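In what follows, a structure is listed as structure tokens, so that the remarks can point back to it.
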Amino acid sequence: MNAYDNQLPAGRAPEPGPEHVPTRKGDPIDLAASVYEHGWGPEPATTGTPPTVPSGPVVPEGFLPRPIGPGPSAVRGPWSAEGPGVVPPEAVAGPFAPAAAAPAAGPFAPAGPFAPTGPAVTPASAEEPGPLPHIGRKPPAYPAEPTDIPALQGGDLVGALLPDTVVDGGVLGRTTVRAASVRGDGHRYAAECRQDAVLVVRTGELLLLAVADGVGSQPRSHHGSHGIVRLLTKQVVPKAETLLAFLRSGAELDFASLMSRLIAAAAIELAQEAERAGHPPKSYSTTLRALLVPADPAVPFRGFVSVGDGGLLRLREGGWQNLETDGGDEGGTLISTRTDCLPEAYEHARARLITDTRPGDVLVLCTDGLALPLLKEPELQQWLGERWGREVPGLAEFLWQAQVRVRSYDDDRSVVCLWEAAP
């Protein structure tokens, strides 16, 4: 959640200018001093003859190293009606041309109960990765890649150790998951840490997926977002079998009642962590969205719980549906802008079951860094719909796609996609 949300229309931030030039606070580590003065290792030996470096070429003359690997297949041109194009082996010449793949046969060919059952994963492309794409005629004013690196400030190790980007995923039963959390252009420009969090965790036969968005106006909201997904997992694990029973039977009221109690317990523990660290609980303010998915493919129900803004969307047969529309929004284009935040507003948690899941659906759980532009920009709907509505991308390709840029939307972006395979 961006710090500018209270001053400008939802999801939009001012263009970078002199007033947004990041200020670098002093680093507590003296970078000019030797690392040995900080006690990080033994003093190097100062006597003896230094090792000599052999002369001559390191790589044998005439040797051409083989390319490491392909880039995201999303940089290809539009897919044909027959699906993604594949470069035939005969089109690649030279000593490193790939051999033609023979059809799987023999005792080790995939067959029987151990054959792959989930959605097919997009094959890798022979293209090199290109620059991050953008939607609209004008590219965003911020740089497309991280520039300055957040420094350790005020002893906040959590903020200093958070990576710029996280990607995750896997397969459970007949569902495939892809997840990513990316620091927004605004936070990159100001050398601030990522305030979003993403979670993919399995407990027994239950999959827990979550995203959380730290409130930008609060100084330690990244503690709140990463803390709440951890503490929610702690609460869900001992109740996993009970939650599974509710999902199997479609007991929505029982599921909602139990999840509300688990959210409250996690929020109270998060507030206690803030107080023990000497900070007011409000400084940890964060939103939360979570999906609970059974591994059993015979169970069509998915549990959903949320506090605050964000998005839950569904991509079905090429069209986008907002599963959190307001009552008067027949077209499904509005998104909730409620400002309820944990740990304080745990009594406003909303929990329900998604009961109309179909094979081929893609559920998209996201923070408002993606939800706002996705619902407001038809071109982004088309761009992502064409890619996520066909085959499941690989992890690197999914990350590349999830970072598609839209001018004036510079907040952190976290998203979890769940592909439902055909039985």
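The values are calculated or read from the model by the stated rules, or taken from the named source; none is laboratory data. Since the structure is predicted, the reported quantities are computational estimates derived from the model, not experimental observations. Cβ coordinates were reconstructed from backbone atoms using ideal geometry, including for glycine residues, and neighbour counts include every protein chain displayed.
H187: at pLDDT 95 or above and either surrounded by 17 or more Cβ atoms within 10 Å (Cβ to Cβ) or part of a helix (DSSP H, G or I) (or both), yes or no? Give the steps one after another, and end with the answer.
On the way: at pLDDT 95 or above: no; either surrounded by 17 or more Cβ atoms within 10 Å (Cβ to Cβ) or part of a helix (DSSP H, G or I) (or both): yes.
No; evaluated as a whole, the condition is false for this residue.
Six or more apart or on different chains, Cβ atoms under 9 Å: show the pairs whose first residue is in region 238-265 and surrounded by 13 or more Cβ atoms within 10 Å (Cβ to Cβ) and whose second is assigned to a loop (DSSP other than H, G, I, E, B) and among the hydroxyl-bearing types (S, T, Y). Every condition considered, the pairs that remain are G250/T355; E252/T355.
Suppose we filter A371, A351 for residues that are at pLDDT 95 or above, small (G, A, S) and buried (at least 23 other Cβ atoms within 10 Å of the Cβ); which single one remains? Explain how you work it out, then say what you get.
On the way: A351 fails: buried (at least 23 other Cβ atoms within 10 Å of the Cβ).
After ruling out the rest, the residue left standing is A371.
Among the residues here, Q218 does not qualify as closer than 30 Å to P280 by Cβ, in contact with an Asp or Glu (Cβ under 9 Å, 6 or more places away or on another chain) and not small (G, A, S).
Can you tell me which residues in region 191-225 are assigned to a strand (DSSP E or B) and β-branched (V, I, T)?
Filtering region 191-225 down to residues assigned to a strand (DSSP E or B) leaves 196-203, 206-214.
The answer is V198, V200, V201, T203, V211.
In the set (1) at positive phi; (2) assigned to a strand (DSSP E or B); (3) of a type in the set (G, A, S), the condition left unmet by A180 is number (1). For the residues T176, T165, the requirement of being surrounded by fewer than 17 Cβ atoms within 10 Å (Cβ to Cβ), β-branched (V, I, T) and at pLDDT 95 or above singles out T165.
One residue stands out in region 393-416 among those that are aliphatic (A, V, I, L, M) and within 15 Å of the chain's Cα centre (by Cα): the one that is farthest from L365 (Cα to Cα), namely A396. Checking each residue in region 407-419 for being surrounded by 24 or more Cβ atoms within 10 Å (Cβ to Cβ) and not basic (K, R) picks out Y409, D410, D411, D412, S414, V415, V416, C417, W419. Being over 18 Å from the mean Cα position of the chain (by Cα), without any contact (Cβ under 8 Å) to a residue 40 or more places away in the chain, surrounded by fewer than 17 Cβ atoms within 10 Å (Cβ to Cβ) and closer than 30 Å to R358 by Cα is the requirement here; does A298 meet it? Taking the combined requirement at face value, the residue satisfies it.
Taking residues in region 271-282 that are over 16 Å from Y346 (Cα atoms), and partners anywhere that are not in a helix (DSSP H, G or I), the pairs with Cβ atoms closer than 9 Å and at least 6 places apart or on different chains are A277/R220; H279/P219; H279/R220.
Is it the case that L372 is of a type in the set (A, V, I, L, M) and over 23 Å from C193 (Cβ atoms)? Let's see the steps before the verdict.
On the way: of a type in the set (A, V, I, L, M): yes; over 23 Å from C193 (Cβ atoms): no.
Judged against the criteria, L372 is not a match.
Can you say whether L313 is in contact with a Leu (Cβ under 7 Å, 6 or more places away or on another chain), surrounded by 15 or more Cβ atoms within 10 Å (Cβ to Cβ) and part of a helix (DSSP H, G or I), as far as the supplied structure shows? Considered against the rule, which asks whether it is in contact with a Leu (Cβ under 7 Å, 6 or more places away or on another chain), surrounded by 15 or more Cβ atoms within 10 Å (Cβ to Cβ) and part of a helix (DSSP H, G or I), L313 comes out as no. When restricted to residues that are charged (D, E, K, R) and surrounded by fewer than 16 Cβ atoms within 10 Å (Cβ to Cβ), region 151-162 contains 0.
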